[in-house]
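Structure record follows, encoded as structure tokens.
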Amino acid sequence: MVTSILTLVPPAGVDVRAEIRNARIARDRVQALIALLESQRSDASATLLKTIAADFAALKDAPNKAFADTEFTKYSAWSTADQDFGKRIDAFESLEPLIDGYVDQLAAGHRAEIVAILTEERDTLEAQLDKEEADTTAVEARIQQLDIELAKWSTSAKAKAARLRKVAKSPAPRRGKSAKKRGGRP
């Protein structure tokens with residue numbers, strides 16, 4: 001159900017934990033898809049350049065119109081594909097903040113569920129590290145990301161941040177005034 005253009009709320013009776021998991025998985029997979037598209041775009045450019053370089057290197061005489069037409073067709077096909085890659089990458093990059101907002105919105109209303117999900121994921125990764133079958137650098141990086149997200153949603157971390165903000169906003173005590181009352185130097 002859409003409550004406004006920017007606010008999405010899961011319909012009543014929906015498993016919120018599943019919604020949170022799905023949104024978090026979607027965020028990770030969108031990032032992976034963007035990386036894949038960028039890699040494919042780069043590979044297509046490299047392939048075009050290799051092909052054109054080889055074609056020009058194979059010429060025995062000056063290029064003629066047929067050669068120019070063939071190379072132009074290759075360039076045009078690559079250009080069209082490159083623009084398509086660019087549009088797709090831009091589209092999926094624009095989805096990232098929307099998905100992040102949805103995750104935050106779900107988590108804000110269900111703090112205990114997000115903390116439980118993140119803790120379960122972290123425990124699973126810790127177990128994976130213990131088996132020594134995983135790429136430890138990648139798993140440790142993912143654990144670090146989960147720790148950051150856990151700190152964001154953990155009640156104790158939120159309370160600590162609120163206290164720090166409150167302390168930062170409160171004015172510093174005046175030393176001169178209290179020192180004068182005691183008869184000391186300001």
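The values are calculated or read from the model by the stated rules, or taken from the named source; none is laboratory data. All of these numbers come straight from a predicted model, not from anything done at the bench. So basically every Cβ, Gly included, is an ideal-geometry build from the backbone, and we count neighbours across all protein chains shown.
Table for the structure above
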item	result
Residue in the stretch 95-113 that is at pLDDT 85 or above and β-branched (V, I, T) present	yes
Number of positions in the stretch 33-89 that are exposed (fewer than 12 other Cβ atoms within 10 Å of the Cβ) and of a type in the set (D, E)	3
Residue in the stretch 92-121 that is farthest from I34 (Cα to Cα), counting only those that are buried (at least 18 other Cβ atoms within 10 Å of the Cβ) and of a type in the set (D, E, K, R)	E113
